[in-house]
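**Student:** Okay, here's the structure, questions in a sec.
Laboratory data are not the source of any read-out in this text; all were calculated from the coordinates shown. Everything quoted here is computed from the prediction, not taken from an experiment. Here the Cβ positions follow ideal geometry from the backbone for every residue, glycine too, while neighbour counts run over all protein chains shown.
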Amino acid sequence: MPHIKFFKDLTKKSVPEAGGKGASLGEMTNAKIPVPPGFVVVASAFDRFLKETQLEEEIIARLKEVNPDDTNSVDRASNVIRDTIHDRPFPKDLEKEILTAFDKLEAKFVAVRSSATAEDSAIASWAGELETYLNIERKNVTAAVRTCWSSLFTPRAIFYRHEKNLIDHYVSVAVVVQKMIQSEIAGIAFTVHPVTEDRDQMIIEAGYGLGEAIVSGQVTPDSYVVGKNEMSIIDINVGAQSKKLVKVKKSKGEFKGKEDDSANEWIELGTEGEKQKLSGKQIIELAKISANIEKHYKFPCDIEWAYEGGKFYITQSRPITTLKK
């Protein structure tokens, strides 16, 4: 399958074809880190789609019309480019490749994530600029891939191009399709304290439900500080979480993108949200996994994790780009 690469066939050197996320997931899979199985629709699939639909010139022209000081011009360009990407026919052979790969995962639901080929590179960190869709079913997976492609041109991503002087750079996008973990608890781990920059301290943030709610800052998570040398818990701060994001019991039909996130719903937590999310034993288990990831990469890592059925899974790892020393 020329446009599909499974995680086992990717390494950290695969950024040009798999983007930052895809390359990282491949690297960790091969390092025996507990990563849910998945594959990447490589960037050449998007490049080919643009060529076949003759969209390249139109996108370049629309981006040149943008004045970053005029929000309306950014919104206008974004809407036109995204609508055009959505309206063009999806290549039949590519759709067949994606569905064949999906079936090999033996998963009812997947997470579909954009992975820009410029991501986490020296010139830019695209993390958080592009879109992720959770609990996508087989019938909607190609629509989600297309929407990830078009998220390269959200207003936020267009602003980001201007801010980083990337407007004349060709940025492509791969798409990660990964077996969905229905996390009871999820969160983030920073293997170096992101505020004090203490190299012997890591911070773990944890909340109930799907991790997207924490990554996007929509809930207040617990925060645990762990000393890496001794693997001991230094501080626990329990966050009062009022709601959690979970998969809906029954799909509401066709996938329509971010504005119709019908696969997931918010549930009120009440007093349950005031409890400590991870036990001391779980905190140390996750800290050890996170320390192993940092040891493998040999740099401080920003890690996304999920916990389901008594097991931790790593769904993403990238360099911490904010450290000064």
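**Student:** Calculate the spin-label point distance for Glu265 paired with His86, positioning each point 7 Å from the Cα along the beta-carbon direction, and give it in nanometres.
**Tutor:** 2.4 nm
**Student:** Next up: What residues qualify as long-range amide H neighbours of Ala116, i.e. H under 5 Å apart, gap of 5 or more or another chain, H built at 1.01 Å from N?
**Tutor:** Those qualifying (amide H under 5 Å, at least 5 residues apart or on another chain) are Gly20, Lys21, Ala174.
**Student:** Can I get the semi-axes of region 185-319's equivalent ellipsoid? Compute them from the C-alpha gyration tensor as square roots of 5 times the eigenvalues, in angstrom, largest first. Let's see the in-between values first.
**Tutor:** Values: eigenvalues 157, 58, 31 Å².
Taking √(5λ) for each eigenvalue gives 28, 17, 12 Å, largest first.
**Student:** If you don't mind, there's one more thing I want to ask. Can you tell me what the convex hull of the Cα atoms of region 4-179 projects to on average, as an area in nm²?
**Tutor:** Numbers: hull surface 38.2 nm².
That works out to 9.6 nm², a quarter of the Cα hull's surface.
**Student:** Taking amide hydrogens as modeled 1.01 Å from N in the peptide plane, which residues meet the under 5 Å criterion relative to Ser232, leaving out close sequence neighbours?
**Tutor:** The list, which skips near neighbours in sequence, is Gly227.
**Student:** Please list the equivalent ellipsoid semi-axes of region 171-213, computed as the square roots of five times the alpha-carbon gyration tensor eigenvalues, in descending order and whole angstrom. Provide the component values of the computation, followed by the final result.
**Tutor:** Numbers: eigenvalues 129, 68, 12 Å².
For region 171-213, the ellipsoid semi-axes come out as 25, 18, 8 Å.
**Student:** Looking at region 191-252, which trypsin sites (Lys or Arg not before Pro) are in a loop (DSSP not H, G, I, E or B) and have at most 15 other Cβ atoms within 10 Å?
**Tutor:** Working: sites: Arg199, Lys228, Lys243, Lys244, Lys247, Lys249, Lys250, Lys252; in loops: Arg199, Lys228, Lys249, Lys250, Lys252.
Filter output for region 191-252: Arg199, Lys249, Lys250, Lys252.
**Student:** Here is a follow-up. Dividing the Cα radius of gyration by the Kirkwood radius, what Rg/Rh value follows for region 101-232?
**Tutor:** Details: Rg = 17.3 Å, Rh = 16.9 Å.
The Rg/Rh ratio comes out at 1.03.
**Student:** Report the per residue volume, in Å³, of the convex hull enclosing the C-alpha atoms of region 266-325. Before the final figure, lay out the partial values.
**Tutor:** Values: hull volume 8.7 nm³, N = 60.
For region 266-325, the hull spanned by Cα atoms encloses 145 Å³ per residue.
**Student:** Right, here's the next one. Return the distance in nm (one decimal) between the two label points of a simple spin-label model at Glu272 and Lys288, each offset 7 Å from Cα along Cα→Cβ.
**Tutor:** 2.9 nm
**Student:** Can I ask one more? Using only the Cα atoms of the chain, each taken as one equal point scatterer with no solvent, compute I(q) by the Debye sum, divide by I(0), and report log10 of the ratio at q = 0.13, 0.14 Å⁻¹.
**Tutor:** Reported log10 I(q)/I(0), two decimals: -0.99, -1.14.
**Student:** Through the Karplus equation 6.51 cos²θ - 1.76 cosθ + 1.60, θ set to phi - 60°, convert the phi angles of region 216-229 into ³J(HN,Hα) values in whole Hz; use x for Gly and Pro.
**Tutor:** Calculated HN-Hα couplings, in order: 8, x, 8, 9, 9, x, 5, 9, 10, 9, 10, x, 6, 5 Hz.
**Student:** Using a Gaussian network for the chain with springs between C-alpha atoms less than 10 Å apart, which of these wobbles most: Thr11, Thr154, Thr196?
**Tutor:** Most flexible of the set in this elastic network: Thr196.
**Student:** Then there is this: Would you look at the GNM of the chain, springs on alpha carbons closer than 10 Å, and say which of Val35, Val145, Val171 moves the most?
**Tutor:** Result for the chain, Cα springs under 10 Å: Val171 fluctuates most.
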